[in-house]
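The values are calculated or read from the model by the stated rules, or taken from the named source; none is laboratory data. Everything quoted here is computed from the prediction, not taken from an experiment. Quick reminder, even Gly has a Cβ in these numbers, built from the backbone with ideal geometry, and neighbours come from all protein chains shown. When the accessible area is computed, the model is the full protein with side chains, heavy atoms only, and any ligands, DNA or RNA have been set aside. Shrake-Rupley method; radii C 1.70, N 1.55, O 1.52, S 1.80 Å.
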Amino acid sequence: MSIAKNDEVLPSEIWTEVFFHVPFKDLLDATLACREFRSAASPRIFKDFAFVPYLVDHELERFALKDADAARELEKLHFFISAPIACFVRSCFLSTRKRSPTGLDKISDDHLLEAFFQHLPRLFNVQNLVFYGITFTSALISRLSVVPNIPSLNLNSCLLPQVPMDPPLPVIHVESVSYEHMAQSSYSSAAHWIHLLDLERLKELEVCQNSKITEQFFRDWATVKPFPNLHTLSLALNPDILPQMLAMLGECPSLYRLTLRTVGSQDEKLLLAATARAPRTILPPVQHYHGPYELLHRFRMDRMVSLSLTNFRSDISFWSDLDPDNVAHELNSSKQYLENIQRFTAQLSFSEPFLLAVGLLLPGVKFLHLSTSSELQNEDASKHLQTVLKAGLPLQLEHLYLRWTLVSRPDESIAETHAFALQLFKQQRSLKHISLRYINIEFTYSGFGGQLIDTLVQKSDPRLEQAMAALRQSGVVSV
């Protein structure tokens, strides 16, 4: 069989794309069919390369592999850097598996790690480098700086030399950096990484696992040059350096996507006080903002198209709700800049005044995602649905997502949920999609021109299926 010369079959490029969507076990079976299938499947089979140079414990203490395992890793390295295979590698995972130190010898040399970095330039098509638990030496940093362009670099619990490197420092030519540390022993290295990055080339930066890491990472921010081309930034908030963080944002003229996370327990009063004493720096006109609504007034919002709001509360978590009155007040203070907002997301307590405010203050919103962590009975959910119908929604709204935690049986409210969707489609002719999610059960309604055209219940159980069948039989549900 040939897939390259026969005009009646798919060309090899199409088969390559097909194989990217085939389960891996079936893919391996397919490569046994013919040489052409093996060739077409190679970009998928060899796109990921995982290499283990040594083992670490929870404090990043290093332990050597057994001789047989080390030989196997070295053999795998030579295979992946060989000319026929290296061109297919897109992601490289340098991982030091966590193990208990019992029965293991501490590492005496870094020959596997040095071998990997020596041959890294031969993986010339790599788009993503992931390093976990790696202890970098000056020599390894220098080898990494030789790579002319690294599209994406993920640094997790990576240590730098304890002794400062002699200037001039090597420069890592990377476009996107994700920086996170799981081990406390690696915190002290955080402040040095920023000085090794090519800030002219850097476009995306994520440092948001915890606020202590952010503090360490930007400890010497005043000595760092501006970030002229940085367009995406994710940070964990820290009250101790919040003024410096806001000032740093003024050095990012190209920034258009900003995520500020409150991770762990933070003191709301400290964060508010830090915001108040921060200098009135002119911040860039971000287009996408995910973070506390208390900081909204610090940004130019005339170009903002997406808002996802949290807050400064000390108990902030996935399960905490915002105060709808406070959010409405903050939005009202910036109402002249909100007409371009197309996407709005918030987790808050439902109230008719807030929904009225959303309809008036965010007239251009096309995607509205509202959720509440409060546990609701069916009658409470019913009240919320009626509130949505009464308050009115933004005139251009196309997608509405409502997520609730329903304590009582969702199958008992399915008729009312369907009636709500029918009425809302008639009332809001711009709507194309309504999604109502109760814990792990989602009702999805599609419509056009004010008419309901499709209904889907995902992750359903027998009670829901019986309720839907009864509604279809009675004529209430026709799809």
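Overview of results
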quantity: Selection count, region 122-139, where residues are more than 29 Å from the chain's Cα centre (by Cα) and under 15 Å from Pro53 (Cβ atoms); calculated: 2
quantity: In region 299-313, residue modelled with the highest pLDDT [restricted to those that are surrounded by 15 or more Cβ atoms within 10 Å (Cβ to Cβ) and not in a strand (DSSP E or B)]; calculated: Val305
quantity: Wholly within region 37-143, helices (runs of 4 or more DSSP H) carrying at least 3 residues that are under 30 Å from Val9 (Cα atoms); calculated: 83-86
quantity: Residues located in region 57-72, provided they are out of contact with any helix residue (DSSP H, G or I) (no Cβ under 8 Å at 6 or more places or on another chain) and in contact (Cβ under 8 Å) with a residue 24 or more places away in the chain; calculated: Asp57, His58, Glu61, Arg62, Phe63
quantity: Some residue of region 151-167 being modelled with pLDDT under 85, outside any loop (DSSP other than H, G, I, E, B) and surrounded by 17 or more Cβ atoms within 10 Å (Cβ to Cβ); calculated: yes
quantity: Unmet criterion (only one of (1) touching a strand residue (DSSP E or B) at 6+ places or on another chain (Cβ under 8 Å); (2) open to solvent by 10 Å² or more (accessible area, probe 1.4 Å)) for Tyr289; calculated: (2)
